[in-house]
Amino acid sequence: MASRGGPRIGVDVGGTKCLAVAIDDDCQVIYECRRPTPRGDGSIGALVAAVIEAVIEIELSVGPSISTGVGVPGLVADGGVLRAAPNLDGVADVKIGDQLSRAVGRPVVVDNDATCGALAEWRVGAGQGFTDVAFISLGTGIGGGLVSRGAMHRGNHGYAGEFGHMMVDPMGPRCPCGQRGCWERYASGSGLAYLAQQRARQGRLGRVVELVNGDVELIRSEHVLDISRVGDAETQDLMREFATWIAIGLVNLAHVVDPEVMVLGGGVGSSLGDSLEAVRSAFFELIYQPQQRQLPTIVLAELGEQAGAIGAALLSESSGDFALEVE
């Protein structure tokens, strides 16, 4: 059913694709389309073009929209200024909100992609009904968003939620952000690949190595997850280590923000399966005074890959410090 006032459009700009949706008054997806994320020289201009193509396709299919929101990776300041995006080329202080607004011919709200995911999971997903939510997107990297006392928490400049760059090992591997030992180097998809490559170089994870024809550098998180599901003991042991790294970051977040629920999303988060219980167990062992406090519930996200786009579609109503009314 189309919205009575027209659909809302949301676009999630990921590392490999732009996923766009239209939602109706009940936040149900009524149309979806996707475009490859442009790379290389002039990628911002090409990215804007890809977003506009998606908006045009949606409006031709379901009618004029009443609002448009876009989620992009990186540091997004108030006013839709993209300060930095480690996984996009040539980005520094780009006024992407202004560019998109001019191209569309009406205001376009821009925010961080994981913040959009948090908004969606809080409004209509696994965090629905809670007033304090931490959403953690475990994908190629790690992003996230916070809901505090029934309102989105964006921080002083809009940068809140860059959980992946909490430092958990100052002597650890180099992160694309330029620092060492960021949480996402251990607990993301690229982090799982890093841990697997370390073990493979020690002569372990034989079944995973077979999948890449012996080239350890080609090991990706998907290879590890595929083999772990068929009961391989070495790979399952790696997944227990991976679960502990996830729990380390969650514990740090819990100590700082004390949420009611922690929602794990993203491509890797949604693929944890049986490892979710290992995350919960490690969390209980690591958090301060677990027997003397109310612990947050740790759950998997519900909206899958559409979370970021749905949240982007909801940005227009949240941009004015939208707050949940709590009875």
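Coordinate-derived values only; no laboratory data. Just so we're clear, the structure is a prediction, and the values are computed from it rather than from any experiment. All Cβ positions, even for glycine, are placed from backbone atoms using ideal geometry, and neighbour counts span all protein chains on display.
Could you work out how far apart the two model spin labels at Glu302 and Arg201 are, taking each label as a point 7 Å from the Cα in the direction of the beta carbon, and quote it in nm?
4.3
What residues from segment 223-264 fall in the zone where the backbone N is under 19 Å from a label point 7 Å along the Cα-to-C-beta line of Val212?
Only 223-230, 232-243 pass the distance filter.
Fewest to most neighbouring Cβ within 10 Å: what's the order for Trp183, Trp245?
So the residues, fewest neighbours to most, are Trp245, Trp183.
Work through the residues other than Val216 whose Cβ is under 13 Å from its Cβ and net out their charges, Lys, Arg +1 and Asp, Glu -1.
+1
So what is the relative contact order for segment 129-301, in percent, with contacts set as C-alpha pairs under 8 Å and at least six apart?
Rounded, it is 24 percent for segment 129-301.
Using a 7 Å offset from the Cα along the Cα-to-Cβ direction at both Val168 and Ala151, what is the distance between the two label points in nm, to one decimal?
The answer from the label model is 3.1 nm.
Loop-only check: which trypsin sites (Lys or Arg not before Pro) in segment 96-182 are DSSP coil with at most 14 other Cβ within 10 angstrom?
When the trypsin sites (Lys or Arg not before Pro) of segment 96-182 are filtered for loop state and at most 14 Cβ neighbours within 10 Å, Arg149 remain.
Per DSSP H run of at least 4 residues, take -39500 (n - 2.57); add these up for the chain, divide by its residues and hand me the 222 nm value, nearest 500 deg cm²/dmol.
-11500 deg cm²/dmol
Please figure out what share of the DSSP beta bridges in the chain is antiparallel and state it in percent, rounded to the nearest 5.
Beta bridges within the chain, antiparallel portion: roughly 60 percent.
Could you work out how much longer the chain between Val29 and Tyr194 gets when fully extended? Use 0.36 nm per residue separation minus the Cα distance between them, nm to one decimal.
Full extension from Val29 to Tyr194 adds 55.8 nm.
Given [x] 20.2; [y] 20.8; [z] 19.6 as candidate values of Kirkwood radius over Cα pairs in Å, which corresponds to the one derived from the coordinates?
[x]
For an R0 of 30 angstrom, estimate the FRET efficiency from the Cβ-Cβ distance between Gln128 and Asp237 and round to the nearest 0.05.
0.25
How much length is gained on full extension from Asp274 to Val230, taking 0.36 nm per residue of separation minus their Cα-Cα distance?
14.6 nm
Per-residue HN-Hα couplings for segment 55-61, Karplus 6.51 cos²θ - 1.76 cosθ + 1.60 at θ = phi - 60°, whole Hz, x for Gly and Pro?
4, 4, 4, 5, 5, 5, 8
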